[in-house]
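Each reported figure results from applying straightforward, stated rules to the coordinates on display, with no laboratory input. Remember, it's a predicted structure, so these values are computed and weren't measured experimentally. Cβ placement follows ideal geometry from the backbone for every residue including glycine, while neighbour counts extend to all protein chains displayed.
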Amino acid sequence: YAAMGLRGADLRSVIVEYGRREANPIEPLLIQDGPVKEVRVSGEEVNLMSLPAFTYHEKDAGAYITLGMCVMKDPDTGIRNAGIYRLMVKAHRRLGIQISETSHGHYIRQKNERAGKPTEVAVVIGYHPGFYLGCLSLTGLDVDEFAVAGGILEEPLEIVRCDTIDLEVPANAEIVLEGLILPHVREDEAPFGEFGGTYSKRKKNPVVEVQAITHRRDAYYQDSFAGHADNLVPGGLTRSSFLLKTVSVAVPTVKEVHMPRCGRCRFICYISLKKMVEGDPKIAAMAAFGADPYLKYVIVVYEDVSVTSDEEMLHAIATRMRAQRDMFMIPYAKGSPLDPSAYRGEGDTPMVDKVGFDATRKPGYPDEISVPGAESIDLSKYLICRSETKA
């Protein structure tokens, strides 16, 4: 929240404000030089071992860069795209990279590889959190995510050209790695402790050959603990904003959307809406599934239930649902490649079963208990400190 200057705001206000800024991008400003160019190393002088990359989990295959914002360009349109992909430090100039099949980066890399060309990539390590929030925006391939980042920051993102590849990066970043994702090259990568709380298996993944490193003279190294749920909270915010907009197209009475930590801010979605038409809850759930392939469970309630309370949401499931009538399943649907419960379909596509829950109050539901005036009671006025009683 502080990254957007909204410290102390409630969740819905932050989600709505994020959506407003996202919809008003500001084009980046290209400048000649910046702090990220204070130190430049290229060619054989590049040494990734000089970075303080961590081995985060007991069974990780090695040290990983986990918060590198990977910048690429669509080879046909030249539009920039950015995404966070795990990077395994393999040698002085070599990284293994895992790019999710659902990401735009995967699409760009595939397009280049089919043409027999490497994919230029710049890895940004350390910068304003608003930049990361902007680049995590769920936008189309035709949108420059640097412009979205400018919208989130409410000012143009100052950028400079890379030294060895045709890309631009934030001028005020801490560290930038410039490299090439080699076509038709695969090497062992992982296991690695992923956000689902389990280890991803060793697999053959693409390789990045690093051409240059530029950084501030006294650069900070910024990383994240990928196996911890808190790591996903920023992405949960951007996904909630995206789903609020897209689901509202199908069901205009949607009030709030929340991606809870208990679902790793990826797999579970809570939606509240104002009752208007019978059947809206299922339509809302289906719209959410269609918008975000990572989703596995969508729970829909009316606006009297707080979507930020796991307890209230589970209480609604326990007391307002009849499973035969109020649940529906979408079997064998595309999911997250990092979902430990996914099974592999044709072409190694991750497949999952998705379930929607209509946990709204139905006609004939009994009145719920209420205690008049309970909200106005301040229990702190009735507490007496033990030291005061002794006095």
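Quick notes on this structure:
- For segment 2-226, size of Cβ-based charge dipole, Lys and Arg +1, Asp and Glu -1, in debye: 680 debye
- Relative contact order of segment 274-391, taken over Cα pairs closer than 8 Å and 6 or more residues apart, is 28 percent.
- Under 23 Å from LYS255, Cα to Cα: lysines that are on another chain or at least 8 residues apart: LYS245, LYS274, LYS275, LYS282, LYS296, LYS354, LYS362
- Spatially near lysine pairs across segment 2-226, Cα under 26 Å, sequence gap of 8 or more or different chains: 21
- Going from the residue with the fewest nearby Cβ atoms within 10 Å to the one with the most, ASP230, ASP74 rank ASP230, ASP74.
- Highest-first packing order for the peptide set 322-335, 167-180, 198-211 is 167-180, 198-211, 322-335, based on the mean count of other beta carbon atoms within 10 Å.
- Karplus-derived 3J(HN,Hα), 6.51/-1.76/1.60, for each residue of segment 127-144, Hz, glycine and proline x: 6, 4, x, x, 5, 5, 4, x, 6, 7, 4, 8, 10, x, 5, 8, 10, 7
- Table column - 3J(HN,Hα) (Hz), segment 109-124, Karplus curve with 6.51, -1.76, 1.60, x for Gly and Pro: 4, 4, 4, 5, 5, 4, 8, x, 10, x, 9, 5, 9, 10, 9, 8
- Per-residue Karplus couplings for segment 90-104, computed as 6.51 cos²θ - 1.76 cosθ + 1.60 with θ equal to phi - 60°, are listed in order as 9, 7, 4, 10, 10, 10, x, 10, 10, 10, 4, 5, 8, 8, 5 Hz, Gly and Pro entered as x.
- Charging the Cβ of each Asp and Glu at -1 and of each Lys and Arg at +1, and nothing else, the dipole of the chain about its Cα centre rounds to 920 debye.
- Prolate/oblate/rounded label for the chain (Cα gyration tensor, a/c 1.5): prolate
- Sorting 152-160, 17-25, 312-320 by average packing, meaning the other beta carbons within 10 Å per residue, from highest down gives 152-160, 17-25, 312-320.
- Taken about its Cα centre, segment 230-358 carries a charge dipole of about 160 debye when Lys and Arg each add +1 at the Cβ and Asp and Glu each add -1 at the Cβ.
- Cut-off under 5 Å, modelled amide H: who pairs with GLU187 long-range: ASN205
- The label-point distance for SER370 and ILE31, in a model that sets each label 7 Å from Cα toward Cβ, rounds to 5.6 nm.
- Of LEU338, LEU133, LEU51, the one that fluctuates the most in a GNM where the chain has Cα springs shorter than 10 Å: LEU51
- Axis angle, to the nearest 10 degrees, between helix 280-291 and the longest C-alpha principal axis of the chain: 10 degrees.
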